[in-house]
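Everything below concerns the one structure shown next.
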Amino acid sequence: MTLLPPFERDQVRSLYDLALFSLIDDARAVHRRHHADNEVQLCSLLSVKTGGCPEDCSYCPQSKHYETHVEPEKMLDIGSVLETARRAKGLGSTRFCMGAAWREVKEGPAFERVLDMIRGVKAMGMETCVTLGMLNESQAQRLKDAGLDAYNHNLDTSREHYGSIIKTRSYDDRLETIQNVRKAGITICCGGIIGMGESIDDRCEMLRTLANLAPQPESVPINALVAVRGTPLEHMPPVDPLELVRMVAMARILMPRARVRLSAGRAQLTRECQIFAMYAGANSIFYGEQLLTTPNAEAASDHAMLRDAGLVPAAG
Ligand code: SAM
Ligand code: DTB
Ligand code: SF4
């Protein structure tokens, strides 16, 4: 079966409604057509400016609206960021993603420092990614000129569900930043989160919006909510791991060339479930002890998991 964008609502929902094995069979076929079937990209994450964010994203421990374990910190200096990147590279990561808890980029010394971080990481031969909130076209161009490969900016959920998760910005703000990034010739890393009280249709609609971006995102992180104490979503029940596998398989079918990344929430999955998700089309993981402010799966057990499944880290 070949599906081509733009996708209609029902097409995506019909994929969701397939029996799990049929869905996985289809995803696996797409995966093998477009990717080496034994390679997994290892990406490392570092929060370069933690906490104190003016946005009110209900899932996020870094929002200043909620009392969580995260204390606002000063921006990291370039030396320590490059040191962390070097260590990550030594451990096998090929992509380094730096996050700042900003609503939007503002011109000035902090942005200049991010540009320097990008230049430094790029000079080490790693793929560079940043996630800094909203930005305009000229800021995107400056990031591109510094050597940025990818910009992460998630849609997080469906347009319909968005307003119950975030009130301080709109879905269209999000889409506009994505367009600005695209115009500057930077690749797009854009995905979402499941487990925030959304319906199945919301999940399908989020994937449909992602897959109908033209061109499609090169990288699609699929996060399961990490329910953090103090956030409005702290009491959300954990997502059914098979739902995560289903999302990965659908993302693989709808966005055949994208790297689909098994992202937040991986530490709560068994290794068998993670391997199942990789079989279904996930070919990238966040790797290293920490996501931004919460723990990630252990690096040593990730290596063992890949080895036991006959998978190899992608060369980059
Ligand atoms: N401030 C920037 C922004 O919102 O785009 C960048 C950093 S923000 C932490 C990056 C992404 O992390 C969010 O869009 C969201 O998808 C994900 N994220 C944040 N907290 C999370 C949580 N508790 N569980 C799962 N994903 C989360
Ligand atoms: C993405 O989709 N997930 C990453 C990355 N992009 C920046 C962030 C996950 C954050 C999880 C909560 C935390 O550690 O603060
Ligand atoms: Fe701020 Fe990003 Fe967290 Fe939202 S997700 S509160 S924008 S750091």
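The values are calculated or read from the model by the stated rules, or taken from the named source; none is laboratory data. No experiment lies behind these values; they were computed from the predicted model shown. Using ideal geometry, Cβ is built from the backbone for each residue, glycine included, and neighbour counts are taken over all protein chains shown.
Figures for the structure shown
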{"read-out": "Single unsatisfied condition, Gln290 versus (1) in contact with a Phe, Trp or Tyr (Cβ under 9 Å, 6 or more places away or on another chain); (2) within 16 Å of ligand 3 (Cβ to nearest atom)", "value": "(1)"}
{"read-out": "Segment 114-146: number of residues that are over 19 Å from Gln41 (Cα atoms) and free of Cβ contacts under 8 Å to residues at least 60 places away in the same chain", "value": "20"}
{"read-out": "Flag for Glu205 being among the charged types (D, E, K, R) and more than 16 Å from ligand 3 (Cβ to nearest atom)", "value": "yes"}
{"read-out": "Matching residues, segment 188-215, being β-branched (Val, Ile, Thr), within 20 Å of Glu176 (Cβ to Cβ) and assigned to a helix (DSSP H, G or I)", "value": "Thr209"}
{"read-out": "Hits in segment 121-141 (condition: of a type outside the set (A, V, I, L, M, F, W, C) and surrounded by fewer than 19 Cβ atoms within 10 Å (Cβ to Cβ))", "value": "Lys122, Gly125, Asn136, Glu137, Ser138, Gln141"}
{"read-out": "The lone exception for Lys167 - which of (1) away from ligand 2 (no atom under 14 Å from the Cβ); (2) among the basic types (Lys, Arg); (3) surrounded by 22 or more Cβ atoms within 10 Å (Cβ to Cβ) it fails", "value": "(3)"}
{"read-out": "Single unsatisfied condition, Ile188 versus (1) surrounded by 16 or more Cβ atoms within 10 Å (Cβ to Cβ); (2) within 14 Å of ligand 1 (Cβ to nearest atom); (3) over 21 Å from Leu148 (Cβ atoms)", "value": "(3)"}
{"read-out": "Arg203 vs. criteria modelled with pLDDT of 95 or more, within 17 Å of the chain's Cα centre (by Cα) and of a type in the set (D, E, K, R)", "value": "yes"}
{"read-out": "Residue in segment 274-289 that is assigned to a loop (DSSP other than H, G, I, E, B), at pLDDT below 95, within 17 Å of the chain's Cα centre (by Cα) and buried (at least 21 other Cβ atoms within 10 Å of the Cβ) present", "value": "yes"}
{"read-out": "Residues satisfying the stated conditions in segment 290-316, i.e. in a loop (DSSP other than H, G, I, E, B), of a type outside the set (A, V, I, L, M) and away from ligand 1 (no atom under 16 Å from the Cβ)", "value": "Glu298, Gly310, Gly316"}
{"read-out": "Hits in segment 147-168 (condition: under 22 Å from Cys97 (Cβ atoms), without any contact (Cβ under 8 Å) to a residue 60 or more places away in the chain and part of a loop (DSSP other than H, G, I, E, B))", "value": "Gly147, Leu148, Asp149, His153, Leu155, Thr157"}
{"read-out": "Scan of segment 95-125 for residues that are within 18 Å of Leu82 (Cβ to Cβ) and within 16 Å of ligand 2 (Cβ to nearest atom), ordered by number", "value": "Arg95, Phe96, Cys97, Met98, Gly99, Ala100, Val114, Met117, Ile118, Val121"}
